[in-house]
Amino acid sequence: MPQAVATVADRPRDRAGSTENAAGSTGAGGRAAGVGGSDFAPLLRAVKGQGLLERRTGWYAAVIASNLLALGGVLTGLVLLGNTWWALLLALPLAILWSRTAFVGHDAGHAQITGDRRAGRIIGLVHANLLLGMNEAWWNDKHVRHHANPNHIDKDPDVGVGALVWTQKQAAQREGFARLLTRNQARLFFPMLLLEGIALKISGFQYLRQQPVRERVLSALLLVTHLGLYATLLLTVMSPGKAVVFALVHHALFGLHLGMAFAPNHKGMEMPDPDGDRWGHLQRQVLTSRNVRGAVLTDWFLGGLNYQIEHHLFPSMPRPHLRRAQPLVRAHCESLGMPYAETGLVESYRQALQHMHEVGEPLRQPAETAR
């Protein structure tokens, strides 16, 4: 039988002993070792029986409408304030509303909003490409591969080598500036998120080369339209200097907020052994994901992605149903002896940063020894 908790030799393990962590009280030798794909079927029946996979079109219509109205209000405020540094105060609400827009685009990509593929694509294109300047085709391609094999070092693009690395084996191959970056990646993580808003745009443009011609033309047109409208708005109401500062602050806050919503989900959680037994769906999604407990404010701030376990098990489940599905999923995991990771928001960041710190630890040892 496959083990519930994989042993990955080249990555640090979660050493916390609390039952809130992925290792939980079960460990590698507990009942979770016998969990297979068939154990997902009873949970799926229970979720369907409560209607939690039924779409909430009205809820999404209200969310989209209110978000667009709020965006319009902030943009009106920018125009009314005009060429003043006080306009920078609106960079924060605009960044928050952009994150809300990104959450809608995310849900559209998962077919949570509508079962009509064409309508879902239009919603995604409007919210991602037009309103945010992010290529929804790039995001969906990357995100689908992540959902299929979360935290799999060979298959999940979110744990591939990039500005950050996620295993000590990856860290050992770093050279030059990248090596210095990895040594300090835990300290630099949140500052680096300030660049994420711009990086998302760049990645979207780079992905255009991989799209079919007709799709590429439409995506590029919307991306360029976004940039044109954004630049026109700022340069119309502000001096060029103020416009550049506003754009940088706005994108920095947007990247930080979006990164803070996604960072707690998987970083520091189990990573399947690429050479080990293949995990079943329940095992693959639960053991690699972390929930963040909280009330309405936490749900709002994290866009419902704090119910990451439920979202990964049922990616097409409408966002407002994730909270309702949680008791069913937790009880099912407990009945199987499968660890169910849930923690507070601050602790989730601590665990993610601790993992990044441990990944870079071997690169710091020579410098620390020399001192």
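Using R0 = 45 Å, the C-beta based FRET efficiency linking LEU218 and ASN184 works out to 0.65. On full extension, the segment bounded by ALA199 and LYS155 gains 13.7 nm, given 0.36 nm per residue less the C-alpha separation.
Of all complete DSSP H helices in the chain, those with a Cα span along the helix axis of 30 Å or greater and a mean Kyte-Doolittle hydropathy of 1.6 or more are 57-81. The listed residues PHE177, PHE40, PHE314, once ranked by accessible area (1.4 Å probe) with the largest placed first, stand as PHE177, PHE40, PHE314.
Expressed as a fraction of 2.2 N^0.38 Å, the value expected for a compact globular protein of N residues, the C-alpha radius of gyration of the stretch 212-298 is 1.73. I need the calculated FRET efficiency for the pair LEU233 and ALA62, taking r as the beta carbon distance and R₀ as 41 Å, to the nearest 0.05. Taking R0 as 41 Å, the efficiency between LEU233 and ALA62 is 0.95.
With the simple spin-label model, which puts each label point 7 Å out from Cα in the Cβ direction, the VAL296 to SER335 separation comes to 3.2 nm.
Most mobile of PRO264, PRO274, PRO318 per a Gaussian network model of the chain (Cα springs, under 10 Å)? Highest fluctuation of the listed residues: PRO274.
When the surface is traced with a 1.4 Å probe over the full set of protein chains, LYS169 keeps roughly 120 Å² accessible. The Cα atoms of the stretch 226-371 give a gyration tensor whose axes a ≥ b ≥ c have a/c of 1.5 or more with a/b no greater than b/c, which makes the shape oblate. Note on SER66: accessible area is roughly 60 Å² with a 1.4 Å probe, heavy atoms of protein only.
Over the chain, what percent of the accessible surface lies on carbon and sulfur atoms, probe 1.4 Å? Ligands and nucleic acids excluded, carbon and sulfur reach 62 percent.
When all protein chains stay in place and ligands, DNA and RNA are ignored, the 1.4 Å accessible-area order of THR298, THR76, largest first, is THR76, THR298.
Under a 5 Å amide H cut-off, with hydrogens placed 1.01 Å from N, ASN184 pairs with nothing among residues at least 5 apart or on other chains. Per-residue SASA remark: SER38, around 90 Å² accessible (1.4 Å probe; ligands, DNA and RNA not included).
For the stretch 293-301, putting each phi into the Karplus relation 6.51 cos²θ - 1.76 cosθ + 1.60 with θ = phi - 60° gives couplings of 6, x, 9, 4, 5, 5, 4, 5, 4 Hz, in residue order, rounded to whole numbers and with x for Gly and Pro. What the Cα atoms of the chain give is an Rg and a Dmax of 21.5, 66 Å. Across VAL161, VAL296, VAL286, the residue with the most accessible area heads the list, and the full order at a 1.4 Å probe is VAL296, VAL161, VAL286. For the stretch 62-107, the fraction of C-alpha pairs farther apart than 12 angstrom is 61 percent.
The values are calculated or read from the model by the stated rules, or taken from the named source; none is laboratory data. It should be emphasised that the depicted structure is a prediction, and the values quoted were computed from it without experimental measurement. As a convention, Cβ positions derive from the backbone with ideal geometry for all residues, glycine included, and neighbour counts pool all protein chains shown. Only protein heavy atoms, including side chains, enter the accessible area calculation; ligands, DNA and RNA are left aside. Shrake-Rupley method; radii C 1.70, N 1.55, O 1.52, S 1.80 Å.
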